[in-house]
């Protein structure tokens, strides 16, 4: 008889208070122990992963990309282990006194960083998320409830066993990493509404997964999201820089959320910029879909339709639009963007500042590629997805995004 | 034909970008203008409020407390105006650069405080919330969509008209304060799911209102919550201080969320503390419900049943329990508390620190009354309710809780 979601999450909640108080050294020891166990059990992991892969292949209607995300190799296992060691080396966010002040009545009020408690992760067939998420939540003093997809269940079961063994061997409660083995829809829905024992949900995956969680959850959600990212080439921009950044933002890794999907070009610079840039992009195999004026400057490309402006291709496809003004560019971005990462390429001081202020997104750039929106690139040391919502965490979520706060008040008998 | 929720919130969204960029002086000017208009239109406000009050009286099955919350008097109008002037005097949270650092590749990454956008407030028959909420959201650079209850609709309509006039006269968009005049359930549900135009919802009111919002909203919710608050009298506590704090926490204002609901007493101090404390409390009219041992030390009181430990009375009623140990007290609080405000009265250094660390609540106290959990008392200068959730804001929410963050990146052509 498998345990119910209520039973599983209650045990995670119990474990969470122990992990919350665990000294940094103990958490780091557990992370390093798991890293070691991953390497030692490489064969077992690959064998279990193979069961998942074989089942996938039998289905026939799977994509190469899906297979690739599901597959674990010795290199990937080494990467997961390395990731855990890196997390162990990061500073512990728990217990930091963010500020403290004294009130006129003598009360000393402090604001201290504390763990969130129990974090539920709902994700797709990427078994490496099992290890990454467990590592980040453990370091930040939380317990984690992992609910991966059915396609990865054998891999996840094997990885969760290793994670729990590492915790146990280090003297931490194994329930701090809890895998929901029931991959059915009902179990997921139950987890999304388990407000009593789960403090936060983080969905990691495609748009439809995130939408399902947002629509069904009563537990607060940290939404990681779509990136319909723009680069706007302002009048007077350095053309060489603009060409280089547009190329990087589109082609360096087109399948990720911080890649550029639409290029906006001021009409004054379009005649000089567009031929140079689109030559490079089409030369690399990018399918360009342009507005009327773009096609005048660079004939022979597909016509962009309304739908293109709102599409996150995650592919070697790019929509291009010529705009009449800075204001039109900002208006377009705020209308069609998903609030992820947006860039202006400019030499104009005022428009640089205005862009940073007027564009409503998690990360706004002047003269750099949107591809930098990433926890490691920003120097946060780690990343649990990129938040496109405005509450709690916005942009790349490091360890701090996995914490809450608490007011601590030192009194000497004060009453109101 | 009244405007739909989609139309209303879209206009608020449009207005929000103007308010987000408004200079501090302009926002303050609008706040002071509204304060002046409230006083100038006192008669009109009271007349409209009277329509609501008369309708309430006709219903017959209303409580005195409900009538009291709904009623606006010249004093209350002056208070609302004074509140706005105080908000005008607070520092502007918008645009503060929280930190900025340089990456090895030369990128300068900064984290800046920005408005949330559009904040939806769903509240009960307290027309003063209309003005308070509008003032706080405006100062923090947001637009607000107000959805009060039907009982206060005439009062709210009159107040919203004044708020919008103040905005207009100061050159700010009047849609930054938008009242939903349709007080039906469907309109509220639509507002809760208007993710396209509403960034955050804040329910303000009783437990059932908050539950409805949490269960139905897809827009992220800032949950303000119930306070089942405890005071634990540790062995060896200063009895005089303990009696004074218990009295204050229970009786100074029993109807509010930071008032004490359960008193926990270590068995060693119970014989000396309980008679002294309960004498004071019952003398003030508090109905005490005690556990077995409490009733031995102070006979003649009602017996506490299981349900009492989980009840937020918001009244002159107190549950009292004698515990065997510090650990039992902490366990009881973490099991029955709502994560609001919890206090220990002690002279022991280690247990003081352990209480602050082990108790999971928005505000944890040593030797002070839980009644201090309040934005003004904590020195935040203002308050938009007290959050009992762990995401984004915890404890009293000041202006900062009404902001989000944004990464701004200054580059010079960097690519990955």
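The values are calculated or read from the model by the stated rules, or taken from the named source; none is laboratory data. All values derive from a computational prediction rather than experimental measurement. FYI the Cβ positions are ideal-geometry reconstructions off the backbone, even for glycines, and counts take in every protein chain you see.
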Exactly one of B:379, B:413, B:395 is surrounded by fewer than 20 Cβ atoms within 10 Å (Cβ to Cβ), under 30 Å from residue B:80 (Cα atoms) and facing another protein chain (nearest Cβ under 7 Å), and that residue is B:379
Examine region B:104-126 for a residue that is farther than 24 Å from residue B:219 by Cβ and part of a helix (DSSP H, G or I), and state whether such a residue exists.
no
Before we move on, is residue B:134 under 27 Å from residue B:55 (Cβ atoms), in contact with a helix residue (DSSP H, G or I) (Cβ under 7 Å, 6 or more places away or on another chain) and part of a loop (DSSP other than H, G, I, E, B)? no
Does residue A:406 qualify as being within 11 Å of another protein chain (Cβ to nearest Cβ) and either under 25 Å from the mean Cα position of the chain (by Cα) or over 26 Å from residue A:132 (Cα atoms) (or both)? yes
Q | residue B:355 being more than 7 Å from chain A (Cβ to nearest Cβ) and either under 30 Å from residue A:344 (Cα atoms) or buried (at least 22 other Cβ atoms within 10 Å of the Cβ) (or both) | A | yes
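Conditions tested, residue by residue: (1) more than 26 Å from residue A:118 (Cα to Cα); (2) in contact (Cβ under 8 Å) with a residue 40 or more places away in the chain; (3) outside the structural domain of residue A:336 (by TED's automatic domain parsing).
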site	(1), (2), (3)
A:364	yes, no, no
A:367	yes, yes, no
A:378	yes, no, yes
A:385	no, yes, yes
A:399	no, yes, yes
A:402	no, yes, yes
A:405	no, yes, yes
A:414	yes, yes, yes
ask   = On the given criteria, is residue A:259 touching a helix residue (DSSP H, G or I) at 6+ places or on another chain (Cβ under 9 Å), assigned by TED's automatic domain parsing to the domain that holds residue A:234 and closer than 18 Å to residue A:235 by Cβ?
value = no
In region B:148-163, anything buried (at least 24 other Cβ atoms within 10 Å of the Cβ) and not in a helix (DSSP H, G or I) is listed as B:148
Flagged in region A:277-313 as under 16 Å from residue A:248 (Cα atoms), surrounded by fewer than 15 Cβ atoms within 10 Å (Cβ to Cβ) and either out of contact with any strand residue (DSSP E or B) (no Cβ under 7 Å at 6 or more places or on another chain) or outside the structural domain of residue A:355 (by TED's automatic domain parsing) (or both), in numbering order, are A:279, A:283, A:284, A:285
So, first residue more than 17 Å from residue A:390 (Cβ to Cβ) and not assigned by TED's automatic domain parsing to the domain that holds residue A:268 in region A:335-360, second residue in a loop (DSSP other than H, G, I, E, B) and modelled with pLDDT of 95 or more, Cβ within less than 8 Å, six or more apart or across chains; the pairs are none
When restricted to B:116, B:107, the only residue more than 23 Å from residue B:23 (Cα to Cα), touching a helix residue (DSSP H, G or I) at 6+ places or on another chain (Cβ under 9 Å) and within 10 Å of chain A (Cβ to nearest Cβ) is B:107
In the set B:344, B:333, the lone residue that is surrounded by 21 or more Cβ atoms within 10 Å (Cβ to Cβ), within 14 Å of chain A (Cβ to nearest Cβ) and not in a helix (DSSP H, G or I) is B:344
Going through region A:358-373 in order, the residues found to be out of contact with any strand residue (DSSP E or B) (no Cβ under 6 Å at 6 or more places or on another chain) and farther than 15 Å from residue A:328 by Cα are A:369, A:371, A:372
Exercise. Is there a residue being at pLDDT 95 or above, in a loop (DSSP other than H, G, I, E, B) and either touching a helix residue (DSSP H, G or I) at 6+ places or on another chain (Cβ under 6 Å) or buried (at least 19 other Cβ atoms within 10 Å of the Cβ) (or both) anywhere in region A:205-214?
Worked result: no
Among helices (runs of 4 or more DSSP H) entirely inside region A:265-324, those with 1 or more residues being farther than 18 Å from residue A:342 by Cβ and over 33 Å from the mean Cα position of the chain (by Cα) are A:270-283, A:292-297
Checked B:116, B:179 against criteria (in the same structural domain as residue B:64 (by TED's automatic domain parsing) and buried (at least 24 other Cβ atoms within 10 Å of the Cβ)); the one match is B:116
Condition set crowded, with 24+ Cβ neighbours inside 10 Å and part of a loop (DSSP other than H, G, I, E, B), scope region A:364-376, selection farthest from the other protein chains (Cβ to nearest Cβ): answer is A:373
